[in-house]
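The values are calculated or read from the model by the stated rules, or taken from the named source; none is laboratory data. Given the structure is predicted, the values throughout are model-derived calculations rather than measurements. Cβ coordinates were reconstructed from backbone atoms using ideal geometry, including for glycine residues, and neighbour counts include every protein chain displayed. When the accessible area is computed, the model is the full protein with side chains, heavy atoms only, and any ligands, DNA or RNA have been set aside. Shrake-Rupley method; radii C 1.70, N 1.55, O 1.52, S 1.80 Å.
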Amino acid sequence: MPRADAQRNRARLLEVAEAIFAERGTTVATEEIARAAGVGIGTLFRHFPTKEALLREVYLARLRRLTEDAAGSMTLAAFLRHAVEQSRVKNAFAEALTAAGVDPLGAAAEIHRELLTALEAMLHRDQAAGTVRPELRVGDIIGLLAGTSRAVEVAPDSRDRILDVVLSGLRP
């Protein structure tokens, strides 16, 4: 098991990298991330041997949190709104990984399965409560999430209207 300070450094690097990448894009230099985290570049590379490894871990951490959110008690509508609001950054990470030769779907296969399970439970819970159309399936939700995320990227000023239209379409 890694030492406590090594664990703290790793967690801090992930936190700082995610914030910097989200704010300034994935082209930020690793030296800048190490400096902002208060560690040397050697410490960064001991935890993440390449920038792609750091991007991958940040991407997976975001997906884990999204999965935890889906497994929580929020409604499907609240989850979709939350996920779409985060999608621009998630998609940028996925594109950077793809450009580096890393398959984001392959890297996140286990988390994706957990997310699907959580979405299915959320969908069934909302359908049982009568707040979501009974004919919808998890694949439909994934399609709506992907399509809405891209639509909001194309027309960011219309985000709230786009989400309202999609969310009203979920209702029976």
**OP:** Mind telling me which of Val154, Val39, Val89 comes out most flexible in a GNM of the chain, alpha-carbon contacts under 10 Å?
**Re:** Val154
Original post:
Ranked from the most accessible area to the least, with a 1.4 Å probe and all protein chains present, what is the order of Met74, Met122?
Top reply: Met74, Met122
Original post:
Extension gain Ser73-Arg113, at 0.36 nm per residue separation less the Cα-Cα distance, in nm?
Top reply: 12.5 nm
Subject >> Net charge of Cβ neighbours under 13 Å - reference Arg64; Lys, Arg +1; Asp, Glu -1 >> reply: -1
Original post:
Taking only protein heavy atoms and a 1.4 Å probe, what accessible area per residue, in Å², does the chain have with all protein chains in place?
Top reply: 54 Å²
Subject >> 16 Å tail of the calculated P(r), the range 1-51, as % of Cα pairs >> reply: 31 percent
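Would you work out what percent of the accessible area of the chain, with all protein chains in place, is carbon or sulfur (probe 1.4 Å)?
It is 55 percent, rounded to a whole number.
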Original post:
Given only helices, namely DSSP H runs of n ≥ 4 each adding -39500 (n - 2.57), what is the per-residue ellipticity at 222 nm of the chain, to the nearest 500 deg cm²/dmol?
Top reply: -25500 deg cm²/dmol
Original post:
Which order do Ser158, Ser73, Ser149 take when ranked by solvent-accessible area (1.4 Å probe, heavy atoms of all protein chains), largest first?
Top reply: Ser73, Ser158, Ser149
Original post:
Between Asn91 and Val154, 0.36 nm times their residue separation minus their Cα-Cα distance comes to what?
Top reply: 21.4 nm
**OP:** Please compute the net charge surrounding Ala11, taking Lys and Arg as +1 and Asp and Glu as -1 over other residues with Cβ under 12 Å from its Cβ.
**Re:** -1
Original post:
Please identify the GluC sites (Glu not before Pro) of the range 80-153 that satisfy two criteria: DSSP loop assignment and at most 10 other Cβ atoms within 10 Å. Which are they?
Top reply: Glu135
Original post:
Along each of its three principal axes, how wide is the spread of alpha-carbon positions in the chain, in whole angstrom units, largest first?
Top reply: 56, 37, 26
Original post:
Which one of Leu13, Leu55, Leu136 has the biggest mean-square fluctuation once the chain is modelled by GNM with Cα springs under 10 Å?
Top reply: Leu136
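When the chain is fully extended, how far beyond the present Cα-Cα distance does Ala29 get from Val165, taking 0.36 nm per residue of separation?
On the way: separation 136, 0.36 × 136 = 48.96 nm, distance 3.96 nm.
Length difference between fully extended and current span is 45.0 nm.
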